[in-house]
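Quick note: the coordinates plus some simple rules give every number you see, no bench work behind them. The shown structure was predicted, so the numbers you read here are calculated from the model rather than taken from an experiment. Don't worry about glycine lacking a Cβ; one is built from the backbone with ideal geometry, like all the others, and counts go over all protein chains shown.
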Amino acid sequence: MAIIGYARVSSADQNEERQLLSFREHGVEKIFLDKMSGKDTKRPALQAMLDYVREGDTVVVVDFSRLARSTVDMLRIVEKLNSKSVRLVSLKENLDTDTPQGRFMLTVFAALAELERDTIRERQQEGIRIAKAAGKYKGRKPLPLDEHFFSSECKKWKAGMQTAAETQRHLGMKPNRFYRLARKYGFFGEDELHEK
């Protein structure tokens with residue numbers, strides 16, 4: 001019977017140390033860590049953790065939002081853990097899915113967290129609509145272009161060393177901006193646009 005920790009931060013530059021420290025304080029023996037959004041459950045460490053756990057194990061999270069951002073995803077994960085007779089404990093919410101009260105409160109907390117995110121999203125969209133109507137919203141400005149890095153990555157792409165998708169990922173660009181700049185800097189012409 002192992003105590004397993006699951007931690008998640010939304011991006012590679014966020015610090016997971018607070019979560020790891022909490023795990024050490026609670027005797028966690030093995031840790032699975034994802035550095036990506038929790039918008040869905042297709043996360044490598046989450047899937048590895050769900051495959052790894054065995055009957056009698058306990059999965060510890062610092063708070064339920066690290067595990068899932070939607071009530072549906074949360075309940076699916078809990079159902080999978082329950083089917084393997086694995087207990088889930090959240091340190092922040094002080095809940096344990098081994099008890100009927102804990103399972104009930106888990107559903108309530110997950111639903112409240114989802115409601116809060118939806119409300120924030122609605123407010124943001126309303127603010128953007130108002131700003132657009134007033135002519136004040138221009139959208140996000142693109143990040144400044146490092147021309148040398150862009151050119152070196154495009155040269156690798158054109159030499160067949162990496163795909164266009166890999167090049168975009170290295171550059172942190174969406175396809176529209178990438179292809180527009182690639183055309184501007186002469187990495188392909190109009191005839192190649194139809195082949196991409």
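Calculated from the alpha-carbon coordinates, the chain shows an Rg and a Dmax of 22.2, 64 Å respectively.
Electrostatic tally near THR167: other residues with Cβ closer than 11 Å to its Cβ, Lys and Arg +1, Asp and Glu -1, net +2. In this label model, LYS155 and ARG54 are separated by 5.3 nm, measuring between points 7 Å along each Cα→Cβ vector. Computed from the C-beta positions of LEU112 and ALA133, the FRET efficiency with R₀ = 41 Å rounds to 0.80. Remark: the chain carries a charge dipole of roughly 860 debye about the Cα centre, counting +1 on each Lys and Arg Cβ and -1 on each Asp and Glu Cβ. For LEU88, LEU95, the sequence from fewest to most other C-beta atoms within 10 Å is LEU95, LEU88. Helices in the chain that qualify as membrane-span-like (whole DSSP H runs, Cα extent of at least 27 Å along the helix axis, mean Kyte-Doolittle hydropathy of -0.5 or higher) are 100-133.
Under the simplified labelling scheme, the LEU91-LEU20 pair shows an inter-label distance of 1.3 nm, with each label point 7 Å from Cα along Cα→Cβ. Adding -39500 (n - 2.57) for every DSSP H run of four residues or longer, then dividing by how many residues the chain holds, sets the calculated 222 nm ellipticity at -16000 deg cm²/dmol. Between GLN19, PHE104, VAL72, the Cα set farthest toward the positive side of the dipole of region 3-113 (charges on each charged residue's Cβ, about the Cα centre) is that of VAL72.
Shown for LEU21, LEU46, LEU171: other C-beta atoms within 10 Å of each C-beta, ranked fewest to most, produce the order LEU21, LEU171, LEU46.
What is the antiparallel percent of DSSP beta bridges lying wholly in the chain, to the nearest 5? So the antiparallel bridges in the chain amount to around 15 percent. Spin-label model, GLN124 to LYS30: label points 7 Å out along the Cα-to-beta-carbon direction sit 3.5 nm apart. From least to most packed, judged by other beta carbons within 10 angstrom and beginning with the fewest, HIS148, HIS26 follow the order HIS148, HIS26.
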